[in-house]
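Just so you know, all these numbers are worked out from the coordinates, no wet-lab data involved. Please read these numbers as outputs of a predicted model, since none were measured by experiment. Neighbour counts are summed over all protein chains in view; Cβ atoms, including those assigned to glycine, are modelled from backbone coordinates with ideal geometry.
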Amino acid sequence: MTIPAPHSEAVADGHPMWLPEAVTGELRDRTVTVLGEGAVLDTLRAEVARAGMSEVRADADLLIAPFDVVEDAPEGLGPEAFFHRVREGRTVIAYGGPNGALYGWFHHLRHLARGGGELASTQEPLHELRMLDHWDNVAVHPHMGQVERGYAGGSIFYDDGRLREDLSRVGAYARLLASIGINRVTINNVNVGPREARLLTDDLGTVERLAAIFRSWGIRTHLSINFASPLTLGELDTSDPLEPAVQRWWRDAAARVFTRIPDFGGFLVKADSEGQPGPYAYGRDHADGANMLARAVAPFEGLVHWRAFVYNHRQDWRDRTTDRARAAYDTFVPLDGRFDDNVILQVKYGPLDFQVREPISPVIPGMTRTRVALELQVTQEYTGQQQHAVYLGPQWSEILAFRPTGDDATLAEAVQGGIAAVSNVGSDDFWTGHPLAQANLYAYGRLAWDPTLDPGTILDEWIALTFGADDQVRRGIRSILDDSWRTYEMYTAPLGVCFMVSPLNRHYGPDVDGYEYSAWGTYHFADRDGVGVDRTVKTGTGFTGQYSEPWASRYESVDTVPDELILFFHHVPYTHRLHSGSTVIQHIYDTHFAGVERVDEMAVTWDELEGRVPSDLHRRVGERLAEQRRSAIEWRDQINTYFWRKSGIADEAGRTIY
Ligand code: GCW
């Protein structure tokens, strides 16, 4: 398919992200038959009309129909599955249920954008639950703003205390999410303030309106709740989960929501975590808390996503026996088997907090009798805050392909509760601040659908759907984004040591000791001889013991730990030699110099695309690359200087260190 020359599409609302009108150009004036009824199929009918297709009763160029009426369609598949065949100029999309029909349609658009041709493909998502969480506040938070860790302007839902009047952008967003197979959305921040708590009570109308928009695109809506609501909303004097009045309060609250929103998804809960209330106040545990809520939503087939992000955030840095990395496992693994079936334990991919490099959280393979969901962060809190071009597809793909017990199931297969991630969109004209960060949202959806997809192929899809068929654009953006995650890793905190970000500047930019003497439990322990955290069983915090074999032994020994994680697991001398052949100190210098050089190359490549992508978008990315370069140099120089001063060991190549 040819997409017309670059232009800034006239969309009142800003750039259309992927799926500009041009994508469906080839379908104009073609005929289609759509069989089936219901809200999602109505949406699909509007889609084909929008593409300029006309509906006919028979002999259409495109037939969209349920599996059972299509000859040689596959059998035994679920409602989200579809079969897509293009043969001799005719296209068939056979579907299991309405969502499958929609997903098949978007699969067809992807196929056309990448050049079309004959094809026969059957698809079904690995996981039933593919979710995006919004950390959007209804009321502007004094420190966190409208969207916590949001880097793309305001919220697309709320503005300064209320639901936006114009929700057309939410509709456009829901369509984009449907195009990548997302079927669940949580519409408010996990840190639930007093204004947000009212979404569950007198402001249910807001939830209802958003749910109606998402529903038409096959997406179910969830709400983050505050565990102490019965108490803080002034109705009871306790929120003890074992107290019958509290249980009744939640049952009533759930009944109210489900009466108005019958396909409501359920509750997401951050409890006893970073100051949020929870069951601990009453001497109860997380299973008591989660099950109480689960029983309130169970009659309506609702779910409770209970987050495992629980640790002591008021730690004394002098105390070497407490290890934040251990916290989630120590808290939740003893509760394995006690959670109700409709509880999903939502676990961040690493034991700390969405760092550029962490080992997999041992909680995920450790909870064999609990439904566990993997949580990723599309919003780039610790990966450049949508100022830096960092394509996270390769990181997620590595996480999903990890084999927690050696050769058995991958992590993607092990997470029975599906996948969730924090969204990165906002009111910004380009949706994501950095236009190239759209690729992360796109990739998240695609990997949640099929974790085995190649991140490079996913990029090709996103590029084709967004910029059309210009191969120079494709090659340019691929060369900028393919290794950008590793580039970011090169110029920031080295070898899995984590953090080193600025506490004062909201985690943006370097501050090597910024968290070193803080209460947050994220330390690197650099001294004149070495750096890293001893988390071994033998001499350290014992964290490596939370893994199964082969990882427990592999991480325990400096001889077998992967280079990129050595400082997460070990405190080693600067002169320690890595598997790569380099010493730790020389590795730090080399990667930091090379990282900045790679950013320079990214900027040159981007310049060459001028005139081939919309000019406003070209300008925005250019500005962000300049900031990325400035910031990368700052990282390089602060990290290199810090370690040179600590170690007194010079750079072998004699480059400038301050
Ligand atoms: O990464 C940290 C963020 C907090 C966030 C928290 C969490 C919503 O810095 O802003 O709070 O994680 O995941 O709950």
With a ≥ b ≥ c from the Cα gyration tensor eigenvalues, square-rooted, and the rule rounded for a/c under 1.5, otherwise prolate when a/b > b/c and oblate otherwise, the chain is oblate
What shape does segment 478-538 have by the C-alpha gyration tensor, where a ≥ b ≥ c are the square roots of the eigenvalues, rounded means a/c under 1.5, and otherwise prolate means a/b greater than b/c and oblate the rest?
oblate
The local net charge around T641, scoring Lys/Arg +1 and Asp/Glu -1 for residues other than T641 whose Cβ lies under 14 Å from its Cβ, equals -1
Based on alpha-carbon atoms only, what is the radius of gyration of segment 300-456 relative to the globular estimate 2.2 N^0.38 Å?
1.09
Enclosed volume per residue, in Å³, of the convex hull spanned by Cα atoms of segment 130-469:
138 Å³
What whole-number distance in Å separates the alpha-carbon centres of segment 531-574 and segment 404-458?
28 Å
Choose one of A58, P394, A328: the residue whose Cα lies farthest towards the positive end of the charge dipole of the chain (beta-carbon charges +1 Lys, Arg; -1 Asp, Glu; about the Cα centre).
A328
When the chain is fully extended, how far beyond the present Cα-Cα distance does V333 get from Y658, taking 0.36 nm per residue of separation?
112.3 nm
With only alpha-carbon pairs counted, each pair once and no self-pairs, how large is the Kirkwood hydrodynamic radius of segment 490-647 in angstroms?
17.2 Å
Please list, in chain and number order, the residues 5+ apart from D133 or on another chain whose amide H is under 5 Å from its amide H, with Hs placed from the backbone.
T186, A421, V422, S423
Dimensions in Å of segment 21-123 - Rg and Dmax from alpha carbons:
12.3, 36
Cα to Cα, under 17 Å, and not fewer than 8 places away if on the same chain: which lysines meet these conditions relative to K270?
K348
What shape does segment 423-496 have by the C-alpha gyration tensor, where a ≥ b ≥ c are the square roots of the eigenvalues, rounded means a/c under 1.5, and otherwise prolate means a/b greater than b/c and oblate the rest?
rounded
Antiparallel versus total DSSP beta bridges in the chain: what percent is that, nearest 5?
30 percent
Test item: Cα-centred dipole of segment 130-469, Lys/Arg +1 and Asp/Glu -1 on Cβ, debye:
280 debye
Inter-centroid distance (Cα atoms) of segment 337-384 relative to segment 88-109, Å:
33 Å
Karplus-derived HN-Hα couplings along segment 604-618 (A = 6.51, B = -1.76, C = 1.60, θ = phi - 60°), whole Hz, x at Gly and Pro:
4, 4, 5, 3, 5, 8, 4, x, 9, 10, x, 5, 5, 5, 4
HN-Hα J in Hz across segment 638-653 - Karplus 6.51, -1.76, 1.60, θ = phi - 60°, x for Gly and Pro:
5, 5, 4, 5, 4, 6, 5, 5, 5, 8, x, 9, 6, 5, 4, 8
